[in-house]
Structure formats: structure tokens, C-alpha cells
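Everything on this sheet refers to the single structure shown next.
The values are calculated or read from the model by the stated rules, or taken from the named source; none is laboratory data. It should be emphasised that the depicted structure is a prediction, and the values quoted were computed from it without experimental measurement. Here the Cβ positions follow ideal geometry from the backbone for every residue, glycine too, while neighbour counts run over all protein chains shown. These area figures cover heavy atoms from the full protein model, side chains too; ligands, DNA and RNA do not enter into them. Shrake-Rupley method; radii C 1.70, N 1.55, O 1.52, S 1.80 Å.
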Amino acid sequence: MADYKMHILVCGGTGCRASQSDKIVETFKTELEMHGLDDEVKVVATGCFGFCEKGPIVKIIPDNTFYVQAGVVDVKDIVEEHIIKGRPLKRLLYHDPATKSQVTDTAHIDFYKKQVRIALRNCGFINPENIEEYIARDGYAALGSVLEMKPSEATQMVKDSGLRGRGGGGFPTGLKWEITAKEKSDQKYVVCNADEGDPGAFMDRSILEGDPHSVIEAMAICGYCIGAGKGLVYIRAEYPLAINRLKIALNQAREFGLLGNDILGSGFDFDIDIRYGAGAFVCGEETALIHSMEGYRGEPTVKPPFPSVSGYLGKPTNVNNVETFANIPVIFNKGVEWFKSIGTENSRGTKVFALAGKVNNVGLIEVPMGITLREVIFDIGGGIRGGKKFKAVQTGGPSGGCLTEQHLDTPIDYDNLIAVGSMMGSGGMIVMDEDDCMVSIAKFYLEFTLDESCGKCTPCRIGNKRLHEILVKITSGNGIEEDIERLRVLGNVIKETSLCGLGQTSPNPVLSTLDNFYDEYLAHVNDKKCPAGQCKDLVHYEINANACTGCTLCFRNCPVGAISGEKKMPHYIDQSLCIKCGVCFEKCRFKAISIV
Amino acid sequence: MKIKTLADLKKIKAEVQEKIKLREQGENAGNIVQVKVAMATCGIASGAKETMSFIIEELDFRGIDAVVTQTGCMGYCYAEPTIEVTLPGKDPVVYGYVDREKARQIIDEYIVKGELVDGIIPVNYKTIDE
């Protein structure tokens with residue numbers, strides 16, 4: 001049996017595979033065999049290191065040497081110098097741009113670990129159904145120390161930390177607590193907004209599933225600060241696992257006396273109930289959420305009065321999002337200064353993003369504010385799937401906007417994203433490539449808001465409907481140039497006159513794609529062409545007779561029998577029968593079919 | 001068990017930390033393998049439950065002293081099911097795309113022989129303690 005003394009890890013993430021990391025693995029194996037070392041050193045392909053710009057990455061274990069931009073040509077040297085003689089290869093080490101020194105150990109490459117996990121600190125570490133594991137990792141210690149402070153002192157700490165609401169709006173959390181604390185009332189409420197509705201966003205679900213106690217602890221802290229004895233979690237019924245784990249956690253917290261009467265002997269009473277949402281997007285808006293909890297229709301009302309003054313059952317109510325709460329215990333455990341050291345001047349701390357779409361490493365990430373979109377998409381995300389070209393990224397869900405290549409180096413924080421026409425939102429980040437039609441994307445998001453509009457105010461109910469009709473007209477090839485201007489005018493009117501956040505932001509995908517992809521709209525209306533080849537009414541499929549080998553694969557796969565032709569003879573498509581499903585295009589092995 | 005004061009909480013924290021340390025390092029130190037299976041919605045949808053029960057049965061069948069627990073989402077949704085394996089005295093290693101076959105390979109090669117296998121997901125984030 002082989003007794004391996006060393007392991008060579010070679011990154012097999014998509015980014016590194018594109019630069020021949022497969023071949024590097026093979027070359028290592030042959031090189032080791034040649035030196036008779038294949039019994040002592042094992043070569044292992046790994047997943048993405050999240051440092052694709054410096055790929056291919058090679059890491060040697062046990063000494064943890066980290067090589068960047070290692071090519072096939074470097075393999076021989078690594079084996080002969082490092083593996084045999086034990087001398088790290090200086091030219092392949094990472095040069096720290098800050099200190100200008102070479103670093104060998106991954107732990108010291110600050111640059112390399114781009115993610116910092118605060119809100120996700122326990123997700124994937126602890127068993128969420130066991131309160132003891134949470135306590136072992138400083139759980140409820142923050143509540144303990146807060147209960148020994150004055151409520152105003154603790155609120156001040158949250159204020160000083162610079163924490164802003166992670167649900168989308170970015171309102172300063174400490175200020176919200178202070179306003180609610182100042183209201184005089186016999187009862188106040190702490191509400192946790194777990195009505196996560198953006199398409200492609202699942203940050204809150206993961207936190208509740210992986211670390212429910214962090215939210216419970218923070219809600220109790222909030223209750224103490226604002227003088228509330230009752231907490232409510234408004235969670236969508238579509239999250240059964242999150243609900244189940246939250247229930248288990250609530251029961252355990254009660255059992256341990258961390259919820260209930262006289263918590264930790266402080267005289268403070270606090271308990272939490274769960275309220276279920278039926279999955280309406282608008283109920284993520286705080287006034288609509290409160291009406292839904294009261295048993296009324298989930299419709300928003302005009303602010304003021306803000307919930308801080310008159311919320312649930314007319315009492316002062318503090319509403320915060322799941323991720324906002326998950327940050328709170330850390331601010332007390334690690335201190336305000338520590339928290340402030342992460343992020344940017346006006347956006348402190350980190351943000352969790354659900355990275356989705358045409359990106360290789362789809363998943364949940366937590367990055368310090370101020371990181372660029374390029375780092376998120378191309379390093380952590382591992383670049384665009386299938387080696388395609390990056391086109392745009394949608395942040396902020398249906399309320400946000402599309403950002404393009406020119407925004408890739410913009411540091412991500414609340415204010416910068418708004419300045420470039422999008423928003424932070426709750427943290428959905430959907431990446432699009434060259435195959436995506438931006439007019440169709442705008443139409444898709446509008447369809448979503450159209451469905452989710454509660455219908456209470458006219459601009460949102462009727463305006464969005466008209467906006468959608470114009471987009472349908474354009475994508476079906478019936479648009480005229482004036483339509484584009486109408487989209488802009490109507491979009492701005494809806495923004496300015498709608499009652500709540502849903503309507504005020506619903507035209508954003510349209511307006512931002514108009515700003516950034518105006519040419520694509522023009523191509524649709526003037527040339528009746530869809531540059532990305534997505535709008536069925538504007539494209540048709542053609543077989544190039546010179547390239548077609550007559551293999552009959554397209555003929556056999558066409559679901560409507562629109563393709564005909566003899567074996568080994570060029571085939572052709574009957575355009576009157578073709579439904580433009582694209583199956584022939586995908587199946588053809590000779591690139592003989594094109595979208596025109 | 002009610003925790004009545006902050007001092008109580010600290011005491012319990014120390015106790016559970018001790019308990020977890022004992023579980024991880026054991027009285028028969030150096031023998032217990034720890035496996036965490038990511039069991040959030042994304043993991044379960046990709047078959048994490050099957051992976052977890054297979055690992056429990058297989059380790060039991062082979063008489064390997066191990067603690068298999070569930071945990072939340074590690075963030076690598078593209079590579080679910082994911083598991084984290086900690087061998088005694090070693091750093092934790094995360095593996096992705098762990099179906100039955102992969103789990104069997106990890107047990108055969110990594111847990112039994114200590115050889116790393118293809119498909120490691122490198123840790124690409126800092127924790128709050130770093």
C-alpha cells in the first residue's frame with residue numbers, strides 16, 4: 001500500500017481548467033512516476049480556490065505552499081526543486097501587492113481570502129438543531145452582556161457600528177432601534193422579516209436553516225433595547241425546513257431560560273412567536289407585512305406613520321431583516337471597532353449574496369462591503385459558465401437594475417450601487433452572459449412584479465401592465481422607436497407616483513437596461529432583430545447546406561417534423577412549421593444550423 | 001435546564017465546549033472521525049439525506065469510531081451534497097458532490113488511509129476569529 005507523505009492539490013475549478021489544470025495533473029503524475037515518487041506523493045484535483053485571476057493554483061501539503069499561475073511547464077521544476085529538494089519555487093509564489101513580499105502560506109494571503117463570514121459564521125459549522133453547539137461558539141453571550149448594560153448604551157453601540165438594514169433599504173439599524181425605543185407604549189414589538197421573495201435569493205433561508213439561534217438572540221437584544229416583550233418572525237410558508245429548525249430553536253431557547261420570563265436573572269421578559277406568510281412579494285414591505293400579520297390583506301399603507309411609531313396592532317414595532325439580526329451578536333462579542341474595521345466608510349461590515357445565473361460557482365457568499373463585482377463574479381464565482389462572455393449582472397432582484405462590464409470595478413456598497421442605477425436589495429445577484437436578451441430580461445422581471453403587485457395603487461397596477469405590453473410588443477417585433485421613449489416616460493412616472501417600494505422600484509430593470517443596452521432595444525424595434533437570439537418572433541433557424549452532412553440528427557430530434565432531407569444530403573427547415581424551440585441548433589454537431 | 005444568570009451561561013459554555021472537545025478528541029484520543037453533512041434545503045434537494053445515512057451505516061459497518069452530524073449550508077450550493085471531514089489531529093477538509101459513490105471513496109481512501117481524494121473544496125473565506 002502506498003504511504004503518501006505529500007499531497008499536491010491542483011485546482012480543478014472551471015477557471016483553472018480553462019488554463020489547462022487537467023494537463024497539469026497528468027504532467028505531475030508522469031513526472032512523479034519518472035522519479036519513482038508516485039508512491040509517496042499523491043496528486044489531487046480540487047474544487048475552486050476562489051482566486052481564479054491567479055490560476056492555475058497548485059498547493060503542496062503538508063507545508064501549505066501556495067503556487068499561483070503555475071503552468072504545465074512549471075511542473076518539472078516543482079517536482080525537482082520543491083518535492084525532491086524541499087526548496088519552494090520562488091517565481092511561482094504569490095507576490096503580495098501591499099507588502100511587495102512573497103507569501104508561501106495561504107493563511108497569509110490577505111488578498112486570497114476574499115470572503116469574511118459574519119452573518120454566516122455558524123452556517124455549516126454547528127448543528128442548527130442543538131443549542132449547545134451555538135452556546136459553545138459564543139452563543140447568547142452577547143445577550144448576556146447586553147442585559148448588564150442600559151438599553152440606551154446597547155442601542156448606541158449598534159448605532160456606532162454603522163450597521164445598515166440588510167433587507168434592501170439600508171436604513172441605519174441603530175437609528176431605527178433608537179426611534180422605536182423613544183416611543184412610549186405599554187407594549188412594543190420586535191419583528192423579524194423573513195419574507196424573502198426576490199427570485200434567486202436564499203440568504204435568509206440559509207441563515208435560519210443553519211443558525212436560527214443567532215436571529216433569536218438578536219431579537220431578544222433588540223427587545224431589551226427598545227423595550228419590547230414580544231417578538232414575531234414573519235416567515236414564508238414555503239420555507240418548511242427553516243420553519244422547523246426555528247421552532248426547534250425557539251423551544252430549546254425556552255428550555256434553557258434564554259426566552260421567557262426574567263432572562264438571565266435580569267428581570268427582562270421576552271418571547272417569540274412565528275407568523276406565516278403566504279408568499280406574496282409585497283409582504284416583504286414592512287407595512288404590508290404588518291397588515292398581513294394582523295390578518296388583513298397584505299397591502300402597504302402610506303408612511304408616515306412609520307412602524308416604529310405605529311406598527312403591529314398600532315403599537316411601536318421594530319422591523320429588521322434576518323441577516324441584519326444575524327450580525328447583531330457579533331457586534332457585541334467582537335466590539336464596535338472590530339465591526340467598523342470591515343467594509344467601507346458608509347457601509348460597514350459584510351453582505352451575504354446569493355450568487356446565481358450563468359456563473360460557475362453558484363452559491364452563498366459573504367463579502368466585505370467595498371469588494372468589486374469583478375472579484376465576486378470572476379474570483380469567488382469562478383467566472384462565466386461555458387467560457388462565455390459576461391454581459392450583465394442584476395443586483396437587487398426585481399427592484400434593482402442591470403449592471404454591465406463598465407461597472408465591474410465599482411466597489412459594492414449601498415451608495416455606489418444606487419449611484420450606478422441599481423441597489424443592494426436583499427442580496428440576489430443574477431449573472432447573465434452573451435446569450436441573454438436584455439429586453440427579455442426586463443420583461444421577465446416585470447412579469448414578476450405584475451404578478452406580485454397588490455393592485456392598491458393605480459401607477460403600479462395599471463402602469464406596470466402598460467409597461468409590460470410595450471415590452472411584449474417590442475420583443476414580438478411590432479415595436480416602433482417611439483415605444484422606447486414611452487417606456488422611459490412611463491417608467492419614471494410609476495417610480496415617482498407609486499405607493500410603496502414595490503411600485504417605486506418596479507420599472508428599474510426596464511430603465512437600467514434602457515440606459516445600459518439601448519442599442520439592443522433599437523435592434524429590436526428598427527432592425528426587428530434580437531442580437532442574443534432569444535426573442536422567438538425575431539429569429540429563425542437556417543441550415544447551411546455546405547456545412548450540413550445529412551447525419552439526420554436534427555431531423556430525428558425535431559418535435560414538430562419541420563426538418564426534412566435525404567440521408568447524407570443537406571437538410572432544410574420548413575419555416576411555416578418551425579416553432580423555434582432551438583433543439584436542432586443544440587443537437588447539431590457540425591455547427592450547420594444558425595440563428596438568423 | 002434553565003440558565004439563570006450570565007455566570008451560569010459562561011459555565012455552560014465552558015461545559016459544552018469541553019463536551020465537544022471530548023467528542024472531537026475523545027478519551028481514546030486520536031480515534032474519532034468527525035463528519036458534518038450540509039443539510040440545508042440546497043443540500044437535501046441534492047440528496048444529502050441519502051449521503052448522510054449511507055455514511056452513518058458504512059462507518060458503523062466498518063467499526064470506525066465517528067460522529068456524524070448535520071449542519072447548515074456551507075455556501076457551496078453548486079457542489080451539493082457537501083460534507084466536511086475532520087480526521088483526528090488534522091484540519092477539516094470539505095468535499096463536494098458527495099453521492100454514495102463519492103462517500104464510499106472518501107471513506108476508503110481518506111478516512112481509512114488518510115489520503116486526500118479528488119474533489120476537495122478549498123476554504124475560501126475568513127472566519128470572525130481570524
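Using a 1.4 Å probe over the heavy atoms of the protein chains, calculate the carbon and sulfur portion of the accessible area of the stretch B:31-121 as a whole percent. Percent of accessible area from carbon and sulfur atoms in the stretch B:31-121: 49. Only protein heavy atoms count here; on that basis, with a 1.4 Å probe, A:K303 has an accessible area of about 70 Å². Accessible surface for A:H95 stands near 100 Å², nearest 10, in the context of the full protein assembly shown (1.4 Å probe). Solvent exposure of A:D39, expressed as accessible area, is near 100 Å², computed with a probe of 1.4 Å over the protein chains only. Less than 5 angstrom separates the built amide H of B:I121 from those of A:G47, B:V94, B:Y95, B:G96, all sequence-distant by 5 or more or on a different chain. Averaging the Cα positions of each part gives two centres, and for the stretch A:240-285 and the stretch A:171-209 these lie 13 Å apart.
Along the axis of the charge dipole computed for chain A (Cβ charges of +1 for Lys and Arg, -1 for Asp and Glu, origin at the Cα centre), the listed residues A:F202, A:Y189, A:M34 are led at the positive end by A:F202.
Heavy-atom accessible area, probed at 1.4 angstrom with all protein chains present, ranks A:F353, A:F378, A:F268, A:F590 as A:F590, A:F378, A:F268, A:F353, highest first.
Net charge around A:R117, counting only other residues with Cβ within less than 15 Å of its Cβ (Lys, Arg = +1; Asp, Glu = -1)?
+1
Over the Cα atoms of the protein assembly as shown, what is the Rg over Rh ratio if Rh follows Kirkwood? Here Rg/Rh amounts to 1.00. Rounded to the nearest whole Hz, the Karplus-based 3J(HN,Hα) values (6.51 cos²θ - 1.76 cosθ + 1.60, θ = phi - 60°) of the stretch A:65-77 follow the sequence 5, 10, 9, 10, 6, 8, x, 4, 5, 8, 4, 4, 5, with x at glycine and proline. When only alpha carbons of the stretch B:31-121 are considered, Rg and Dmax amount to 11.7, 32 Å.
Could you work out what % of the accessible surface of the stretch A:214-329 is carbon and sulfur, using a 1.4 angstrom probe and leaving DNA, RNA and ligands out of the count? Walk me through the numbers on the way to the answer.
Values: 1940 of 3720 Å².
The value for the stretch A:214-329 is 52 percent carbon and sulfur by accessible area.
Heavy atoms of the protein chains alone define the surface here; on that basis chain A has 39 Å² accessible area per residue at 1.4 Å probe size.
Among A:R164, A:R297, the order of accessible area from largest down is A:R297, A:R164, computed with a 1.4 Å probe on protein heavy atoms.
Per residue of A:366-373, other chain Cβ atoms within 10 Å of the residue Cβ number 1 on average.
What does the charge add up to near B:I55, with Lys and Arg as +1, Asp and Glu as -1, over the other residues with Cβ less than 13 Å from its Cβ? Could the numbers behind the result be given before it?
Working: positive: B:K36, B:K49, B:R62, B:R100, B:K102, B:R104; negative: B:E50, B:E57, B:E58, B:D60, B:E84, B:D99, B:E101, B:D108.
Net local charge, B:I55 excluded: -2.
Per-residue Karplus couplings for the stretch A:376-385, computed as 6.51 cos²θ - 1.76 cosθ + 1.60 with θ equal to phi - 60°, are listed in order as 5, 7, 8, 9, 5, x, x, x, 7, 4 Hz, Gly and Pro entered as x. Computed from Cα positions, the angle between helix B:6-25 and the longest principal axis of chain B comes to roughly 30 degrees. Alpha carbon centre of the stretch B:73-130 versus the stretch A:321-356: separation in Å? First find each Cα centre; the distance between them is then 28 Å.
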